[in-house]
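The values are calculated or read from the model by the stated rules, or taken from the named source; none is laboratory data. Only a predicted model underlies this, so the values are computations on that prediction, with no experimental measurement involved. Note: ideal-geometry Cβ built from the backbone for every residue, glycine included; neighbour counts use all protein chains shown. Please note that ligands, DNA and RNA were not included when accessible areas were found on the heavy atoms of the full protein model with its side chains. Shrake-Rupley method; radii C 1.70, N 1.55, O 1.52, S 1.80 Å.
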Amino acid sequence: DMKNAVIGNNKQKANLIVLGAVPRLLYLLQQESSSTELRTECAVVLGSLAMGTENNVKSLLDCHIIPALLQGLLSPDLKFIEACLRCLRTIFISPVTPEDLLYTDATVISHLMALLSRSRYTEEYICQIFSHCCKGPDHQTILFNHGAVQNIAHLLVSTSYKVRMQALKCFSVLAFENPQVSMTLVNVSVDGELLPQIFVKMLQRDKPIEMQLTSAKCLTSMCRAGAIRTDDSCIVLKTLPCLVRMCSKERLLEERVEGAETLAYLIETDVELQRIASITDHLIVMLADYFKYPSSVSAITDIKRLDHDLKHAHELRQAAFKLYASLGANDEDIRKKIIETENMMDRIVNGLSESSIKVRLAAVRCLHSLSRSVQQLRTSFQDHAVWKPLMKVLQNAPNEILVVASSTLCNLLLEFSPSKEPILESGAIELLCSLTQSENLALRVNGIWALMNMAFQAEQKIKSDILRGLSTEQLFQLLSDSDVNVLMKTLGLLRNLLSTRPHIDHIMSTHGKQIMQAVTLILEGEHNIEVKEQTLCILANIADGTTAKELIMTNDDILQKIKYYMSHSNAKLQLAAMFCISNLIWNEEEGSQERQDKLRDMGIVDILHKLSQSSDPNLCDKAKTALQQYLA
């Protein structure tokens, strides 16, 4: 009677729960003395209650329904097992259920694997439980180690559509961003047919959309993991076109979102796939429709659907931004096409200030992708003053947005970008200096990188502002950062600050002592060739100053280091050291005679003679030029 009262009636379900039916049903379900028929009926009623609202599921979880149902799976009766599994399935697909509840007892997964092929219902429900509870690499590994691939593979050719579909969903979550699973799947065969071939058959246009999309996701994960080549025909001729089809106006909102997001992931790192996608079915224009949804109200007869789609329209926008970002990642012509799509820049600018964090992140990603284009930085980005909303996004965004937004800012600060001036005026130096103090490595790199771009060929005031904003303390902090990327960008910043004579002399007069200390520190440390080369180039710049030279000439320790690197085994370091020497002994400059004498006494001329016999033409030329300064 209870069962018939609650089926399809949310009000009755809530009433029963409030009246305290759940503990009583669970008690009967767990009683050994209850007949199997009674226990099965209890499981069915509980399953029906779970079909109701999220609050119902919460009430069931609070009564510890999961351990009770898992215990029920040990029964010998198949009908009772199926009822327990159906109820477990309903509870696990609810967003309020923590997936980890499936993994608390290690024996549960192996027991489910053993039950898998008892009936078509156990196959369907267990696959559905797995696919909903597999979130992240830890879960994937547990299922993989329990033989999920081998146990589920043969279900892809089941006679039941529901079983095939749930098995396919399992593979799509198992393989996602998981090279180990993907590499295994490539070599698994069912009835003499390899899994990729089975997936390709499931992609065909006559198959239900859900099946096409899910198998495209499986093939996409396998391709991104390197298990299938990007130029394999199953990707180029089957998977990619299938995903583009999912982006068309005819598809439902969820399908368009999933199609675009999967396609963005498939082509993200491959230029050739980006080019193919950009000319398939007018994709770039088709995506513009993602911003005008729902298209015509008259076409949507179902009011419920219309209401749902209006609430979820932001998901379409973020999917479109993501796909545009992938399409434009490498190719200049594609970026141009994207930017020329109607109102594109306005849409990105609007996206940057949307309330949904997902849309904001996707819009910033799209902007970042397009900002790799020199031409667009000079034109569209300028016309739409993109930097304004970008600076606003940088004010108090979560880290994942900050990382992409600050990368975009790095590009907007390149010397040929007209946005450089207004960005400086809007307080960028302060903002970037604070990024260099972040705990997050990517933010530290981007902060210092942007400052490095900002200092390139900049006027003296900007350089002084950067040094003031950073503080010597912070500069040393960055020069002793454990990450080599941070170190290289900081040296790049120093090198850009110390360029053009008046600037070199000015900065060395205020910060000379600290900079020389930093240089010594790095030349003495355990660093790679690139780091040391960059540091010697900074010394060469200092040696090019008029008054700054003296800071090197009066520092015997540094002079000995330069001498040491002239005879180093690496030609790059030898060349960099020679640049320092050339700048110190250049004839036309005041005091060159004294400097030449001091360096001759140190044995530099002997080394130059040796290097002028070098088999490396660059070293040889540089040494001969330096020796000429002595002769002149």
Practice problem: State yes or no: is Arg229 without any contact (Cβ under 8 Å) to a residue 24 or more places away in the chain and not hydrophobic (A, V, I, L, M, F, W, C)? | Solution: yes
task: Kindly indicate whether Met211 is at pLDDT 95 or above, farther than 25 Å from His111 by Cβ and out of contact with any Cys (no Cβ under 8 Å at 6 or more places or on another chain).
output: yes
Screening Leu88, Leu156, Leu174, Leu112 for residues that are buried (at least 22 other Cβ atoms within 10 Å of the Cβ), among the aliphatic types (A, V, I, L, M), within 29 Å of the chain's Cα centre (by Cα) and modelled with pLDDT of 95 or more leaves only Leu174
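Wholly within the range 142-250, which helices (runs of 4 or more DSSP H) include no fewer than the required count, namely at least 3 residues that are of a type in the set (D, E, K, R)? Step through it out loud before you land on a result.
Working: elements: 148-153, 161-175, 179-186, 195-202, 209-224, 240-245.
Qualifying helices (runs of 4 or more DSSP H): 161-175, 209-224.
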Over the range 508-521, the set of residues touching a Ser or Thr at 6+ places or on another chain (Cβ under 8 Å) and modelled with pLDDT of 90 or more is Met508, Ser509, Val519
Practice problem: Please tell me if His146 is surrounded by 15 or more Cβ atoms within 10 Å (Cβ to Cβ) and in contact with a Phe, Trp or Tyr (Cβ under 8 Å, 6 or more places away or on another chain). | Solution: no
Taking first residues from the range 547-574 that are free of Cβ contacts under 8 Å to residues at least 12 places away in the same chain and of a type outside the set (D, E, K, R) and second residues anywhere that are open to solvent by 10 Å² or more (accessible area, probe 1.4 Å) and assigned to a helix (DSSP H, G or I), the pairs with Cβ under 8 Å that are 6 or more apart or on different chains are His568/Gln574
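This table checks each residue for (1) crowded, with 21+ Cβ neighbours inside 10 Å; (2) among the aromatic types (Phe, Trp, Tyr); (3) over 20 Å from the mean Cα position of the chain (by Cα).
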| site | (1), (2), (3) |
| --- | --- |
| Gly427 | no, no, yes |
| Glu430 | no, no, yes |
| Leu435 | yes, no, no |
| Ser438 | no, no, no |
| Ala442 | no, no, no |
| Gly447 | yes, no, no |
| Lys461 | no, no, yes |
Residues of the range 351-406 being modelled with pLDDT of 85 or more, among the polar types (S, T, N, Q) and assigned to a helix (DSSP H, G or I), in sequence order, are Ser369, Asn399, Ser406
Of (1) open to solvent by 30 Å² or more (accessible area, probe 1.4 Å); (2) over 20 Å from Leu497 (Cα atoms); (3) over 19 Å from the mean Cα position of the chain (by Cα), Asn399 fails just (3)
Going through (1) touching a residue at least 12 places away in the same chain (Cβ under 8 Å); (2) under 29 Å from the mean Cα position of the chain (by Cα); (3) surrounded by fewer than 19 Cβ atoms within 10 Å (Cβ to Cβ) one by one, Asp100 fails only at (1)
